[in-house]
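Right, one structure below, let's go through it.
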Amino acid sequence: MTVLTRRRLLKTAAIAGAGGAGLSVMGRFGGWAAARPEPVVLRTAKTQAKLMDVGQTRDVLSYGDAGMPPVLRMKKGEPFAARLVNAIDDPTTIHWHGIRVPNKMDGVPFLVQPYVYTGDHFDYAFTPPDAGTFWYHPHCNTLTQMGHGLTGVIVVENPGDPQFDAEMVINLRDWRLGDDGQFIDQFRPRDAARTGTYGTVRTANWLDQPQYDAPAGGLVRLRVAITDVTRIYAFLVDGAEATVMALDGNPVPQRFAPDALLLGPGQRMELAIRMPDDEGAIVGLRDVRGTKPKVLATLRAVGSSLKRAIRDVAPLEVNPVAEVDLASAQHISLALSATAENVPSDGICGSLGYSFWAINKVPWPGDTPDPTAPLAELKLGRSYVIDMENLTPQSHPMHLHGMSFKVLSSSTRQVQPLISDTYLIQPNEKVSLGFVADNPGDWLLHCHIIEHQKSGMTSYVRVV
Ligand code: C2O
Ligand code: CU
């Protein structure tokens, strides 16, 4: 993995390719002004990738010619533009997960934009209001398209960010491959009705346990995104002091060490890691959930110690998210449950043909050209609190498009007042999420375990 110097980093425009997923030197850059941005071209492509020792996996999907989808770099408060060119055999769109974009740019087919058919393109343009780690993915036929590779990480930089000696981006995901290295069925109905179907091969940046070099005694900003369609992780760092600085694109009010930190599909974390002083020392990012813990990626200390201290990492700037007014807030009750109904539904755009799940007892059809009524109609500018209850034995990473919420309280644990777009609700938990309905349009609210989303656990709110 090459180390990008500051000068070279300035030259890597808005887009950093697979190489940019590794190490780069952070700093306060000059020249943030960019009047009209050159659109980044994101061309969907069918490709091959070496995901197993047995050889190349065929029918892998990506944006660009080779390797995993590029890490996109944007700047807080500066216009960004991308042209999606669809070169695969299936309609698609792009959703900018966690970024508070105008409704027309949100990438949900039928609800806010038409399909982008094979050979067509669509121009996205928006100004990200918040700095942090986000990601992008299709919002159409998602189980297949995301399952085959279309998940990429977004870094929104802030000129006021603290300085680090290195930065790394890690895109975590699985693949459903057979012994021959080729794709097998993307899901099993009996698993979709439970935790979701797990992949068989686990990767970080499309690699098995990659190792990256980082300066000994230096401070590393590690950005981790879970872009898998199913897997929930419990994160631990060993071999170095590490602290969680941000979750889901927003700084945490109080930093803490990742001690089996549970995060689900769609969620992101930013760690500050103080590398060991000794050259060659190894730091591991682990998943300790379940019966098969795994080292996901490692960092190797190189050079002589920079002798930095983790307490020197300045706080991240808080994002400009409107403060919910609890006194005037209206409450919206939301019950997540399983449903007995098991008849094939005819949603399109990747419905699984089953309904296993429900929100307020309704198994939602999901993406459909014939939109059903919204779950709730919200008044622009008003405060709301979603009181969400999980009546199922599974955890659900519930994601709201278009607006960020604040975690107010939980019935089962002490919570920090985090600002987020995805909350991993546990079995038997009740949680209150407060937000200001300040972004007009139709916004999805769904479970990010894609099989759950596609079999009933999805709906939307309308802000007018
Ligand atoms: Cu990450 Cu509705 O999506
Ligand atoms: Cu779910």
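Computed values, structure above
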| quantity | calculated |
| --- | --- |
| Filtered residue count, segment 102-133, keeping only those that are among the small types (G, A, S), within 30 Å of L222 (Cα to Cα) and away from ligand 1 (no atom under 16 Å from the Cβ) | 2 |
| Criterion: at pLDDT 95 or above and loosely packed, with under 14 Cβ neighbours inside 10 Å - qualifying residue of L326, L306 | L326 |
| Selection within segment 79-114 - open to solvent by 40 Å² or more (accessible area, probe 1.4 Å) and among the hydroxyl-bearing types (S, T, Y) | none |
| When residues of segment 423-450 are limited to those that are touching a helix residue (DSSP H, G or I) at 6+ places or on another chain (Cβ under 9 Å) and away from ligand 1 (no atom under 14 Å from the Cβ), the one nearest to R231 (Cα to Cα) | N439 |
| Yes/no for G456 being buried (at least 24 other Cβ atoms within 10 Å of the Cβ) and within 16 Å of ligand 1 (Cβ to nearest atom) | yes |
| Breaking point among (1) under 24 Å from the mean Cα position of the chain (by Cα); (2) open to solvent by 40 Å² or more (accessible area, probe 1.4 Å); (3) modelled with pLDDT of 95 or more, for E279 | (1) |
| Index of the failed condition, V169 passing every other in (1) surrounded by fewer than 22 Cβ atoms within 10 Å (Cβ to Cβ); (2) more than 30 Å from R462 (Cβ to Cβ); (3) at pLDDT 95 or above | (1) |
| Residue match in segment 132-154 (condition: open to solvent by 10 Å² or more (accessible area, probe 1.4 Å) and part of a strand (DSSP E or B)) | no |
| Subset tally (residues that are open to solvent by 50 Å² or more (accessible area, probe 1.4 Å) and out of contact with any Asp or Glu (no Cβ under 7 Å at 6 or more places or on another chain)) for segment 56-76 | 5 |
| Residues that are free of Cβ contacts under 8 Å to residues at least 60 places away in the same chain and either out of contact with any helix residue (DSSP H, G or I) (no Cβ under 7 Å at 6 or more places or on another chain) or within 16 Å of ligand 2 (Cβ to nearest atom) (or both), drawn from segment 100-114 | M105, G107, P114 |
| Any hit, segment 252-261, residues being assigned to a strand (DSSP E or B), among the aliphatic types (A, V, I, L, M) and closer than 25 Å to A216 by Cβ | no |
| Residue identified as within 25 Å of M457 (Cα to Cα), open to solvent by less than 10 Å² (accessible area, probe 1.4 Å), assigned to a strand (DSSP E or B) and not polar (S, T, N, Q) among D174, D228 | D174 |
| Condition check for P374: in contact with a Phe, Trp or Tyr (Cβ under 6 Å, 6 or more places away or on another chain), surrounded by fewer than 23 Cβ atoms within 10 Å (Cβ to Cβ) and not acidic (D, E) | yes |
| Single match in S395, S459, S409 (criterion: modelled with pLDDT of 95 or more and more than 12 Å from ligand 2 (Cβ to nearest atom)) | S409 |
| The lone exception for P417 - which of (1) away from ligand 1 (no atom under 13 Å from the Cβ); (2) open to solvent by less than 40 Å² (accessible area, probe 1.4 Å) it fails | (2) |
| Residue within segment 200-209 that is assigned to a loop (DSSP other than H, G, I, E, B), within 17 Å of the chain's Cα centre (by Cα) and within 28 Å of T118 (Cα to Cα) present | yes |
| Any hit, segment 184-192, residues being touching a residue at least 60 places away in the same chain (Cβ under 8 Å) and either away from ligand 2 (no atom under 16 Å from the Cβ) or surrounded by fewer than 20 Cβ atoms within 10 Å (Cβ to Cβ) (or both) | yes |
| L9 outside any loop (DSSP other than H, G, I, E, B) and modelled with pLDDT under 80 | yes |
| Within segment 412-456, considering residues that are under 25 Å from E317 (Cα atoms) and of a type in the set (F, W, Y), the one farthest from ligand 2 (Cβ to nearest atom) | F435 |
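The values are calculated or read from the model by the stated rules, or taken from the named source; none is laboratory data. Note that the structure is predicted; figures quoted are calculated from it, not measured. Reconstructed Cβ throughout: ideal geometry from the backbone, glycine too, with neighbour counts over all protein chains shown. For accessibility, only protein heavy atoms count, side chains too; no ligands or nucleic acids. Shrake-Rupley method; radii C 1.70, N 1.55, O 1.52, S 1.80 Å.
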